[in-house]
Amino acid sequence: MNLTKAVNEFVIKFANVNGSGSASANSMFAKSIFRMGIPVSPRNLFPSNIQGLPTWFEVRVSEKGYLGRRGHQVDMVVAMNPQTFGQDVDDLVSGGYIFYDSSRFVDHNNYRADIQWIGVPLTEIAAREYTNPKHRLLFKNIIYVGALAALLNIDLEVLKTLIEEQFAKKEKLIAPNINALTVGYQYASKNFNCPLDIHLQERDLIGDCILVDGNTAAGLGCVYAGATVVGWYPITPSTSLVEAFEKYCNLLRIDESGKKNFAIIQAEDELSAIGMTVGANWNGARGFTATSGPGISLMTEILGLAFFAEIPVVLFNVQRGGPSTGMPTRTQQSDLISCAYASHGDTKHVLFFPANPTECFEMAACAFDLAERLQTPVIVMSDLELGMNQWVSAPLVWSDSRTYDRGKVLRAKELESLKHFGRYGDVDGDGIGYRTIPGEHPDKGAYFTRGSSHNADALYSESSKDYVDNMNRLNVKFKTAASLVPVPIIKLEGEDNQYGIIYFGTTSEVIEEALDQLSVLLSNTAIKIDSLQIRAFPFPEAIYDFINAHEKVYVVEQNRDGQMRTLLITEGDMVPAKIKSLAHFDGLPITATFVSEAVAKDIKLIARENKFQSEVLS
């Protein structure tokens, strides 16, 4: 048997039943490791029903700071679900640990011989300690956290503090939870050699980082960005973004008289939600909405209206698996093309691609500034992996000296001195006209906002010349946007490297580890691989320069059809043969191993082809 031995470098998977109350206990387990100064990345892999189906919670511990999902094989399974017991056993590495409830007999001989068994009679302990059946179910989760604390060398005081914080407003629950924790800890300490070969040692690797999910960071970013209106319809996995916005507004947006200085309106559907949001922005407020793929489908007509009438609006698309209802609780990056060209006709939208909660916060604020500067929709492309899971993140920083960019807005004094106001005229050559806020002046600066064709003065027109002039101006504005969006992050490993990797969003979290793996896989060669993180669309020129500078570029993305590759080829007129999509689309987060093995395989294939061609020519 190959025994698993590791300090601060392993993966534990909790296999539970949805609705069993395990989520808070598992999250507490992950937070305790973070508070011990060790990088950790927890992931909740849950079904789309409310109760009864299998759910998993993976915790990757990585002293090296690798935060991406490692893959299917794990070092320990906390197997609390009989339905998936066999599958969970199969996921263990050779020598891995299966932690299970031994209150019910399990014949080890029916399973693998190369794993290690840790049986704790959780149901019996819970029945002995608690009389209430509901308490027995819930506290059983805390009992196994206590047992794991002993087995893995987690500081028990850290867990006790987390319990005290979690139940600060329900003090009567603190003592029974700590009791469950202590009982589990004592049982494991007495019956097993603790700690195990995989365990934790306290470190100081976190610094001032925080543990936060992307939706919370984005919601807080909207508050600091000055957003005051949300038109919204609930949909997984975007709901918690609006809930976070409401939570922080209740802390920061209520004046001394108790009046709420914000409005959150739950609409009857996504079509109404985007309509309300566009109306709020037209009227001078900063409004946004949040949705997922099915919501985008319903919003496209009004997004086209906002694009053509040139009304600023911010939309968060927390992507999930499609098409149709698809896999609503799985992650993908499959809405790129539908968002880039949302609506009929020649429509193009600005997209942001945050890679972590810090960027969710910063890009939320930037999105409102850019939407008003460009007078157009800006769509922030998050996903379930980023939005709903917690990440080790740099602190969210805001400067009080920062001012909002309201763009080209004419105020009353300017309107008073203006001889002529043409809403859709291009005065400055950047494709962006000047706008007014309704009610700014009693008789100057008014115009009729329409979704039909119009001329530079906002008057209805079916003149071919007016239409072509307007559409060409919008194209100029889109080119202007390319100089204003967040720039790519480029890392060059030397000069004249043949190969490059392009990535974006949550694929960013596996790239460092994938490049480290590639250095091993290609160690017998002199090959170095450059990398580039795309942060926005339209693409800045630096992205096309990067592609042109390499013989082969790999685009890492989580969709079947290589949508980012398609956008790069279409928008940059790139040679298709030199851009290869590494498409991962099973709904689970992409892994570094997937990336490194795919790149190494292709590079070795190219080397064999080149060698064959040389031999033929010689």
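Coordinate-derived values only; no laboratory data. The structure presented is a predicted model; accordingly, all values stated were derived computationally and were not measured. Backbone-built Cβ (ideal geometry, glycine too); neighbour counts: all protein chains shown.
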For peptides 563-569, 482-488, sequence by mean Cβ density within 10 Å, most packed first: 563-569, 482-488
Most exposed first by the Cβ proxy, i.e. fewest other Cβ within 10 Å, how do I33, I118, I206 rank? I206, I118, I33
Say the dipole of region 358-478 comes from +1 at the beta carbon of Lys and Arg and -1 at that of Asp and Glu; which of F361, S417, Y404 then lies farthest toward its positive end? S417
Mind scanning K348/K580; K160/K190; K348/K408; K491/K601; K140/K172; K259/K444 and naming the pairs with a C-alpha gap bigger than 27 Å? K259/K444
Determine the gain in length on full extension of the stretch R104-L459; use 0.36 nm per residue of separation and subtract their C-alpha separation, reporting nm with one decimal. 120.1 nm
Just to confirm the number: angle between the C-alpha axis of helix 133-152 and the first principal axis of the chain, 0 to 90 degrees, nearest 10? 80
On C-alpha positions alone, give me the angle between the axis of helix 563-572 and the longest principal axis of the chain, in degrees, nearest 10. 30
Relative to the longest principal Cα axis of the chain, at what angle does helix 592-617 sit, 0 to 90 degrees, rounded to 10? 70
Loop-only trypsin sites (Lys or Arg not before Pro) in region 125-227, please: DSSP not H, G, I, E or B, and at most 16 other Cβ atoms within 10 Å. K169, K170, R203
Most exposed first by the Cβ proxy, i.e. fewest other Cβ within 10 Å, how do H199, H344, H550, H108 rank? H344, H108, H199, H550
With -39,500 (n - 2.57) per DSSP H segment of 4 or more residues and division by the full residue count of the chain, the 222 nm estimate, nearest 500 deg cm²/dmol, is -12500 deg cm²/dmol
Read-out mean projected area of the Cα convex hull in nm², candidates (i) 34.4; (ii) 48.6; (iii) 31.8; calculated match is (i)
Please order W232, W282, W117 by the number of other Cβ within 10 Å, starting at the fewest. W117, W282, W232
Given contacts defined as C-alpha pairs under 8 Å and at least six residues apart, what's the relative contact order of the chain, whole-number percent? 12
